[in-house]
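As structure tokens, the structure follows; a few thoughts come after it.
The values are calculated or read from the model by the stated rules, or taken from the named source; none is laboratory data. These numbers were taken from a predicted model, which means no experiment stands behind them. In this analysis, Cβ positions are derived from the backbone assuming ideal geometry, glycine residues included, and neighbour counts consider all displayed protein chains.
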């Protein structure tokens with residue numbers, strides 16, 4: 001395998017990392033600000049992808065369907081997220097975080113099987129909205145992949161601006177840091193919490209829409225990616241925006257490089273182990289022994 | 001000296017919570033540590049018991065260095081402590097709470113422990129429960145005890161490992177008058193068997209139980225001496241009232257110290 | 001071992017021995033399944049109900065145990081005992097490796113790592129076709145018991161597996177009511193405080209995880225040997241979720257809870273109408289959510305509360321056997 005093949009692998013990795021980062025950011029938003037881990041996050045992504053595929057089928061237009069999906073999917077997924085939040089998370093917010101893991105784990109069962117009942121078990125293909133191929137390094141590469149990464153990057157940037165430069169973003173940070181004081185200051189904390197959850201879910205939905213033309217849309221595509229998303233989030237630290245992007249990038253590149261030499265499955269397992277080891281050696285705040293009396 | 005620190009320092013991002021502290025406690029005595037909030041008292045406890053690593057200096061227990069050891073190791077060496085917030089095993093009974101400590105010291109992990117040994121350990125646990133006045137309440141889950149009883153249980157749990165040094169962090173916090181008196185009486189009884197270091201805010205309790213008092217201020221050792229001398233000391237009174245104090249060549253202010 | 005222990009063991013064995021006289025083949029097979037899955041549910045009970053650590057990937061141990069037993073037979077022509085030993089040994093090693101890393105992490109990170117490990121094992125199971133034959137699985141002939149009795153004979157199979165399961169469950173009960181069990185519950189309640197009593201908390205958690213993993217692995221091995229079949233579905237996260245559900249519905253913190261939960265829910269699955277079977281995962285998820293939100297302490301906990309309420313005039317029961325809230 002030549003250097004060229006390696007370059008393409010890395011290109012794919014970098015391009016895909018943006019989508020993974022977007023998904024991971026939805027997760028980290030919810031945990032970083034709400035102390036909730038949504039195990040069903042990957043399933044929301046699958047739902048977003050399914051919506052995109054369905055709209056392309058319904059409108060018979062890859063471009064129209066895609067654009068419509070970019071609007072509709074985040075809204076639909078956010079609504080599902082809102083319902084899930086009220087039914088499975090609000091009732092146990094006062095309890096230790098482990099319970100949200102169990103209820104969202106249960107949620108994953110429900111959502112994934114519902115999706116299975118709706119779109120069936122067979123993989124579906126969604127056509128790329130942009131079919132142009134551009135020449136790179138002597139081969140042709142789908143322009144859409146760049147667009148996909150670009151849109152993801154733009155949304156991530158917009159997210160950062162929203163969180164750090166807008167009033168509502170400040171409210172979100174205030175509620176995370178000290179909920180009772182924030183409420184005393186007039187910030188509608190309960191609404192903020194719900195909004196953050198919906199926002200995080202919407203990000204998963206958008207990631208799904210972006211990913212649909214590139215992957216096969218399957219009802220269980222959420223499981224494949226949730227493992228990666230959790231690894232990225234744990235390694236980068238919950239709540240760390242740019243760190244998440246960087247870790248996603250590094251993680252994907254490691255996999256890409258390893259996949260040149262061994263099977264993709266083995267590459268994934270090794271990359272995972274590598275990240276885990278690094279996490280344990282370097283990441284503060286994860287370790288038990290730092291708990292104070 | 002059962003416990004000695006030399007030049008002990010603990011820094012949090014540039015803030016010296018404990019600063020070059022030389023502190024020693026003779027075996028068999030009761031030492032009270034007082035000082036306004038933020039003086040570093042609990043941090044000192046945390047560093048000694050291994051909760052936090054020190055940022056410099058030595059800690060010697062019975063002549064051997066314990067700096068850098070983990071809380072488990074330090075507990076096994078014979079130091080026990082309580083915390084500002086009650087810390088029990090809420091759904092286990094009071095007896096089981098004590099039993100855990102007894103088992104740590106005298107028992108084993110083997111599930112095949114003979115019944116005789118199990119009964120022996122439970123008897124020891126029960127004896128400790130009696131000595132802290134909770135003998136009748138052994139079967140009640142710790143979480144269902146009253147606050148005062150839980151504070152007592154904390155002491156009992158700390159005693160259950162047969163410590164030679166007992167470190168109590170504000171044991172009378174939140175207790176009523178009668179309960180405070182019981183606590184003070186208990187500490188005096190215990191002082192006959194072990195060395196005790198107490199962080200306390202209640203001056204009457206301090207005067208009743210302490211052999212000597214160490215005053216901490218802004219992480220540094222301000223004064224040390226006999227209770228009557230410390231209590232009547234003007235500087236001590238002023239730091240509690242929040243006035244600025246000249247200490248070792250620098251001016252330090254504590255605008256919001258609690259009295 | 002107290003008299004109560006000995007009587008219960010006897011009682012369980014008697015029940016098992018009597019069953020064939022009152023029930024037919026289907027009930028016998030179901031009983032064995034219930035017992036084996038109860039063992040699996042108990043492994044969650046030990047880890048979560050008693051030590052306070054939640055695992056979302058425990059099917060990984062179940063599946064590894066199953067494959068270890070099966071592959072011992074198909075590749076190395078091993079006997080029954082060796083196959084079972086392989087199931088226990090392989091999962092012991094796996095558990096130690098995972099625990100060595102995972103117990104250092106705080107609660108929810110620990111749970112996430114178990115989820116990831118479970119998923120990785122599943123992907124290995126489905127991806128490594130040459131070894132595991134993925135979802136199609138491996139059918140194999142079961143070795144003979146003590147060299148003479150054929151496990152293909154349903155009665156032999158029934159007696160062997162049900163008695164073995166009872167013995168294992170009894171041993172688990174013995175463990176949980178021993179000082180070690182009390183210690184695990186202490187770790188669940190306040191592992192920090194346990195540290196200040198001198199307990200090597202990380203190592204104890206590793207011990208709990210290893211016991212739990214080995215139990216799950218043994219149940220997987222037994223299941224494979226009982227059915228003569230293993231597939232990558234044994235590693236699936238759905239099974240992991242079911243195990244959590246069984247334990248939580250029944251009441252993870254007691255001994256009887258996971259057994260009750262597993263038995264009830266598996267029996268329920270058997271009698272589900274064909275329509276409901278189609279939405280089984282939705283039911284699993286819903287039950288998990290409902291039992292967490294409403295059924296604190298599971299069914300066993302509810303029974304305990306009723307018992308306590310009835311005994312309110314007498315001295316309260318000394319041992320609270322309900323689900324504990326991990327700190």
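Against the conditions (1) within 30 Å of residue C:68 (Cα to Cα); (2) at pLDDT 90 or above, where does residue C:257 fall short? Just the number, please.
All conditions are met except number (2).
Search the range C:89-116 for residues being surrounded by fewer than 21 Cβ atoms within 10 Å (Cβ to Cβ) and away from every other protein chain (no Cβ under 14 Å), and hand back the single one that is farthest from residue C:231 (Cα to Cα).
C:96
Here are C:47, C:85, C:80: which of them is touching a strand residue (DSSP E or B) at 6+ places or on another chain (Cβ under 7 Å) and either within 14 Å of chain A (Cβ to nearest Cβ) or surrounded by fewer than 23 Cβ atoms within 10 Å (Cβ to Cβ) (or both)? Spell out the reasoning first.
Numbers: C:47 fails: touching a strand residue (DSSP E or B) at 6+ places or on another chain (Cβ under 7 Å); C:85 fails: touching a strand residue (DSSP E or B) at 6+ places or on another chain (Cβ under 7 Å).
Within the list C:47, C:85, C:80, the selection yields C:80.
Do you know which of the residues in the range C:270-280 that are within 14 Å of chain A (Cβ to nearest Cβ) and in a helix (DSSP H, G or I) is surrounded by the fewest Cβ atoms within 10 Å (Cβ to Cβ)?
Ranking the qualifying residues of the range C:270-280, first place goes to C:275.
To keep it simple, each residue is scored yes or no on (1) buried (at least 20 other Cβ atoms within 10 Å of the Cβ); (2) in contact with a helix residue (DSSP H, G or I) (Cβ under 9 Å, 6 or more places away or on another chain); (3) within 14 Å of chain C (Cβ to nearest Cβ).
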{"residue": "B:157", "(1), (2), (3)": "yes, yes, yes"}
{"residue": "B:173", "(1), (2), (3)": "no, yes, no"}
{"residue": "B:183", "(1), (2), (3)": "yes, yes, no"}
{"residue": "B:186", "(1), (2), (3)": "no, yes, no"}
{"residue": "B:204", "(1), (2), (3)": "no, yes, no"}
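Can you tell me which residue in the range B:103-117 is surrounded by the fewest Cβ atoms within 10 Å (Cβ to Cβ), limited to those that are at the interface with chain C (Cβ under 8 Å from one of its Cβ atoms) and at pLDDT 85 or above?
B:105
List the helices (runs of 4 or more DSSP H) inside the range A:213-293, counting only whole elements, that have at least 3 residues being within 9 Å of another protein chain (Cβ to nearest Cβ), modelled with pLDDT under 80 and more than 16 Å from the chain's Cα centre (by Cα).
Numbers: elements: A:221-236, A:241-259, A:264-282.
So the answer is A:264-282.
Looking at B:152, B:167 in this structure, which one is under 23 Å from residue B:42 (Cβ atoms) and either out of contact with any helix residue (DSSP H, G or I) (no Cβ under 8 Å at 6 or more places or on another chain) or free of Cβ contacts under 8 Å to residues at least 40 places away in the same chain (or both)?
Within the list B:152, B:167, the selection yields B:152.
Does residue A:21 satisfy the criteria of being touching a residue at least 24 places away in the same chain (Cβ under 8 Å) and part of a helix (DSSP H, G or I)? Lay out the reasoning, then the answer.
Details: touching a residue at least 24 places away in the same chain (Cβ under 8 Å): yes; part of a helix (DSSP H, G or I): yes.
So residue A:21 fits the description; yes.
Please indicate, with yes or no, whether at least one residue in the range A:149-159 is assigned to a helix (DSSP H, G or I), closer than 19 Å to residue A:210 by Cα and within 14 Å of another protein chain (Cβ to nearest Cβ).
No; the residues of the range A:149-159 include none that is assigned to a helix (DSSP H, G or I), closer than 19 Å to residue A:210 by Cα and within 14 Å of another protein chain (Cβ to nearest Cβ).
Would you point out which residue out of A:106, A:64, A:120 is under 26 Å from residue A:198 (Cα atoms) and touching a residue at least 12 places away in the same chain (Cβ under 8 Å)?
Answer to the check: A:106.
Here is a yes/no grid of residues against (1) closer than 14 Å to residue C:186 by Cβ; (2) assigned by TED's automatic domain parsing to the domain that holds residue B:50:
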position: B:74; (1), (2): no, yes
position: B:101; (1), (2): yes, no
position: B:106; (1), (2): no, no
position: B:113; (1), (2): no, no
position: B:119; (1), (2): no, no
position: B:127; (1), (2): no, no
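Looking at (1) surrounded by fewer than 17 Cβ atoms within 10 Å (Cβ to Cβ); (2) in contact with a helix residue (DSSP H, G or I) (Cβ under 7 Å, 6 or more places away or on another chain); (3) under 23 Å from residue C:67 (Cβ atoms), find the lone condition where residue C:165 falls short.
Looking at each condition in turn, residue C:165 falls short on (1).
Examine the range C:148-164 for a residue that is more than 30 Å from residue C:5 (Cβ to Cβ), within 14 Å of chain A (Cβ to nearest Cβ), in contact (Cβ under 8 Å) with a residue 24 or more places away in the chain and assigned to a helix (DSSP H, G or I), and state whether such a residue exists.
Scanning the range C:148-164 turns up no residue that is more than 30 Å from residue C:5 (Cβ to Cβ), within 14 Å of chain A (Cβ to nearest Cβ), in contact (Cβ under 8 Å) with a residue 24 or more places away in the chain and assigned to a helix (DSSP H, G or I).
Got at least one residue in the range B:133-153 being out of contact with any strand residue (DSSP E or B) (no Cβ under 8 Å at 6 or more places or on another chain), part of a loop (DSSP other than H, G, I, E, B), outside the structural domain of residue B:46 (by TED's automatic domain parsing) and at pLDDT below 90?
yes
Within the range A:4-14, is even one residue assigned to a helix (DSSP H, G or I) and either under 12 Å from the mean Cα position of the chain (by Cα) or without any contact (Cβ under 8 Å) to a residue 12 or more places away in the chain (or both)?
No, every residue in the range A:4-14 fails to be assigned to a helix (DSSP H, G or I) and either under 12 Å from the mean Cα position of the chain (by Cα) or without any contact (Cβ under 8 Å) to a residue 12 or more places away in the chain (or both).
Give just the number: which of (1) in contact with a strand residue (DSSP E or B) (Cβ under 9 Å, 6 or more places away or on another chain); (2) within 14 Å of chain A (Cβ to nearest Cβ) does residue C:284 not satisfy?
(1)
Conditions: (1) touching a residue at least 60 places away in the same chain (Cβ under 8 Å); (2) at the interface with chain C (Cβ under 7 Å from one of its Cβ atoms); (3) over 19 Å from residue C:279 (Cα atoms); (4) buried (at least 21 other Cβ atoms within 10 Å of the Cβ). Residue A:97 meets all but one. Number of the miss?
(4)
Being surrounded by fewer than 24 Cβ atoms within 10 Å (Cβ to Cβ) and over 20 Å from residue A:62 (Cα atoms) is the filter here; which residues of the range A:203-220 pass it?
Correct list: A:220 only.
Which ones in the range A:117-147 are in contact with a helix residue (DSSP H, G or I) (Cβ under 8 Å, 6 or more places away or on another chain), more than 8 Å from every other protein chain (Cβ to nearest Cβ) and closer than 30 Å to residue C:249 by Cα?
Within the range A:117-147, A:118 is the sole residue that qualifies.
Go through the residues of the range A:162-171 one by one and say whether even a single one is in contact (Cβ under 8 Å) with a residue 40 or more places away in the chain, closer than 26 Å to residue A:30 by Cα and surrounded by 17 or more Cβ atoms within 10 Å (Cβ to Cβ).
yes
In the range C:125-138, is there at least one residue being surrounded by 17 or more Cβ atoms within 10 Å (Cβ to Cβ), closer than 17 Å to residue C:62 by Cα and within 8 Å of chain A (Cβ to nearest Cβ)?
Looking through the range C:125-138, none of the residues is surrounded by 17 or more Cβ atoms within 10 Å (Cβ to Cβ), closer than 17 Å to residue C:62 by Cα and within 8 Å of chain A (Cβ to nearest Cβ).
I need the full set of residues from the range B:155-190 which are within 13 Å of the chain's Cα centre (by Cα) and not in a helix (DSSP H, G or I), in order please.
Selection gives B:163, B:164, B:165, B:166, B:167, B:168, B:169, B:170, B:171, B:172, B:173.
Which condition breaks for residue A:98 when tested against (1) under 30 Å from residue A:256 (Cβ atoms); (2) at pLDDT below 95?
Failed condition: (1).
Please enumerate the residues belonging to the range A:31-68 that are over 16 Å from the mean Cα position of the chain (by Cα) and not in a helix (DSSP H, G or I).
Within the range A:31-68, A:35, A:60, A:61 meet the criteria.
How do the strands (runs of 3 or more DSSP E) wholly within the range B:12-102 filter down when requiring 1 or more residues that are within 13 Å of chain C (Cβ to nearest Cβ) and crowded, with 23+ Cβ neighbours inside 10 Å: which remain?
B:79-81
Name the single residue that is modelled with the lowest pLDDT among those in the range C:193-218 being outside any loop (DSSP other than H, G, I, E, B) and more than 26 Å from residue A:99 (Cα to Cα).
Taking the range C:193-218 as the starting set, the residues that turn out to be outside any loop (DSSP other than H, G, I, E, B) are C:193-196, C:201-218.
Among the residues that remain, those that are also more than 26 Å from residue A:99 (Cα to Cα) are: C:196, C:218.
Details: C:196: 93, C:218: 97.
Once the filter is applied, the top-ranked residue is C:196.
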